[in-house]
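Encoded as structure tokens, the structure appears first; notes follow it.
The values are calculated or read from the model by the stated rules, or taken from the named source; none is laboratory data. Predicted model, so just to flag it, every value in this text is computed and none were measured. Backbone-built Cβ (ideal geometry, glycine too); neighbour counts: all protein chains shown.
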Amino acid sequence: MPWLFASRYEPVNVTGVSTIPYADDVLDPSESLLQLTDVSKVLGVPISRVEQMLRDRHLLAVKRRRVPGVPEVFLASDGRGVVKGLPGLLAVLHDGGYRDEEILRWLFEADDSLPGRPIDAMHGDLMREVIRRAQAMAF
């Protein structure tokens with residue numbers, strides 16, 4: 001019967017809790033970031049849900065001064081969630097091989113053919129145009 005107890009003491013391949021993905025901070029220092037706890041309060045969800053959204057790439061976070069944060073502009077101005085279309089846009093760009101830093105640069109860089117930056121256009125009537133451009137870039 002000793003073999004019954006031997007397996008109890010063998011090393012077990014346990015995977016820890018997955019880490020929260022974050023990108024290098026390629027944003028302008030004046031770009032407002034919300035800490036993950038603040039994002040959870042704004043969205044009205046547990047912080048674990050925000051962390052899962054980051055792991056699922058429905059949101060992106062950057063690490064600024066060793067603290068992960070989500071660009072405030074990723075949240076709808078009415079506080080009712082993530083900007084409409086953002087998770088799909090991120091999925092298209094990730095599937096197209098873009099890294100988080102590249103996606104952030106593209107979203108936050110002024111575009112002469114749009115009224116401002118692509119992320120700003122996501123808040124208005126040009127959301128579909130931004131997504132169409134992302135699809136064209138990705139494939």
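Checked against the criterion of being acidic (Asp, Glu), farther than 20 Å from Leu36 by Cβ and under 16 Å from the mean Cα position of the chain (by Cα), the candidates Glu102, Glu51 yield just one match: Glu102. Considering Ala6, Ala91, Ala76, the condition of being within 20 Å of Met127 (Cα to Cα), among the hydrophobic types (A, V, I, L, M, F, W, C) and modelled with pLDDT under 95 is satisfied by Ala76 alone.
Looking across segment 15-25 at every residue that is part of a loop (DSSP other than H, G, I, E, B) and either among the hydroxyl-bearing types (Ser, Thr, Tyr) or under 13 Å from the mean Cα position of the chain (by Cα) (or both), the one that is modelled with the lowest pLDDT is identified as Thr15. If you go through segment 66-110 and pick out every residue that is in contact with a strand residue (DSSP E or B) (Cβ under 8 Å, 6 or more places away or on another chain), within 14 Å of Asp28 (Cα to Cα), free of Cβ contacts under 8 Å to residues at least 60 places away in the same chain and not hydrophobic (A, V, I, L, M, F, W, C), you end up with 3.
Evaluating Leu60 against the criteria (1) under 21 Å from Ile20 (Cα atoms); (2) without any contact (Cβ under 8 Å) to a residue 40 or more places away in the chain leaves one unmet condition, (2).
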